[in-house]
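The values are calculated or read from the model by the stated rules, or taken from the named source; none is laboratory data. Since the model is a prediction, treat every value here as computed from it, not as a measurement. Every residue, glycine among them, receives a Cβ derived from its backbone with ideal geometry; neighbour counts consider all protein chains shown.
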Amino acid sequence: MTVTAFGDKSLDLSRPQIMGILNVTPDSFSDGGSFSNLDDALFQTQKMLSEGASIIDVGGESTRPGALPVSLQEEIDRVIPVVSAIKSRFDVVVSLDTSSAQVMIEGATQGAGLINDVRALTRANALDAAIGTGLPICLMHMQGSPQTMQQNPDYSAVYNEVISFLLERASICQGLGYDANKIFLDPGIGFGKNLEHNLELINNIDQIASHGFEVLIGASRKSMIGQALNLDVQERLYGTLGAHAAAYSKGASIFRVHDVKPHYEMLELMYRIKREK
């Protein structure tokens, strides 16, 4: 059993854990505007928990390709009341999907248990803020910025470049006193990668995991699935399940998803089969 504390709650990472996506934004690529109302956000949280989610990832800034930046105050106003309301009502790990130092600090005071940063703590003061909370952190790779990342992404060797960046950021955190079991790595599917880049990274998740860090993966409804299978966003469930099944077989432990129930059923069965070996 590999148990990690996420604030006031612990999770066993020897079994797959599902992170339900809760975008409290008007412009996220798949569910923008659906949960920006507090009551809607709480209803969706309850639904995802009943379907098997153990983490709720709350984001107030859209990072879809071409998304415009959001002001710090607007992000705080979107995220912090939702985090507070979830923690007051549900026994669940709340993840902060943010790159902003102040959101990290204020979210931690409201009971958040994980910092999930698509910019790997490279924004001003983010590293100090995250370390100061003492919470586990997820470091993601992104080439460029949301505004430009899908404009002809290019690598000489995508896996080597991604893992080099992630290990460098992890090493910085460890140098500041963080244990490896509180650091998660995310290759950043769809963040400055084309279809071939994404497929290669999923196929090399075992190599990412071999460095001693748990791997978080988020391919849910991403454009790579649409490109591979010629599907619109709302038609990508089965492709998402395939990508995440492959990722689990390669060693990923946390799955960031829109569709919780089918993922729970798939991963629970895969976990039980794996235990019988």
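Checking every residue in the range 192-205 against the condition of being in contact with a Gly (Cβ under 9 Å, 6 or more places away or on another chain) and at pLDDT below 95 gives at least one match. Taken over the range 51-71, the criterion of being over 15 Å from Cys138 (Cβ atoms), modelled with pLDDT of 95 or more and surrounded by 24 or more Cβ atoms within 10 Å (Cβ to Cβ) is satisfied by Ala53 alone. Selection of strands (runs of 3 or more DSSP E) fully inside the range 158-277 by the criterion of at least 2 residues being of a type outside the set (A, V, I, L, M) returns 183-186, 254-257. The residues in the range 221-277 that are out of contact with any strand residue (DSSP E or B) (no Cβ under 7 Å at 6 or more places or on another chain), surrounded by fewer than 16 Cβ atoms within 10 Å (Cβ to Cβ) and at positive phi can be counted, and the count is 1. Set side by side, the residues Asn181, Asn116 differ, and just one is buried (at least 24 other Cβ atoms within 10 Å of the Cβ), touching a residue at least 40 places away in the same chain (Cβ under 8 Å) and among the polar types (S, T, N, Q), which is Asn116.
Within the range 90-111, the set of residues being closer than 16 Å to Asp77 by Cβ and in contact with a strand residue (DSSP E or B) (Cβ under 7 Å, 6 or more places away or on another chain) comprises Leu96, Asp97, Thr98, Val103, Met104, Gly107.
The single condition from (1) surrounded by fewer than 20 Cβ atoms within 10 Å (Cβ to Cβ); (2) in contact with a strand residue (DSSP E or B) (Cβ under 8 Å, 6 or more places away or on another chain) that Glu74 fails is (2). Among residues of the range 84-113 being assigned to a loop (DSSP other than H, G, I, E, B) and β-branched (Val, Ile, Thr), the one that is surrounded by the fewest Cβ atoms within 10 Å (Cβ to Cβ) is Val92. Set side by side, the residues Ile21, Ile105 differ, and just one is more than 30 Å from Arg275 (Cα to Cα) and at pLDDT 95 or above, which is Ile105.
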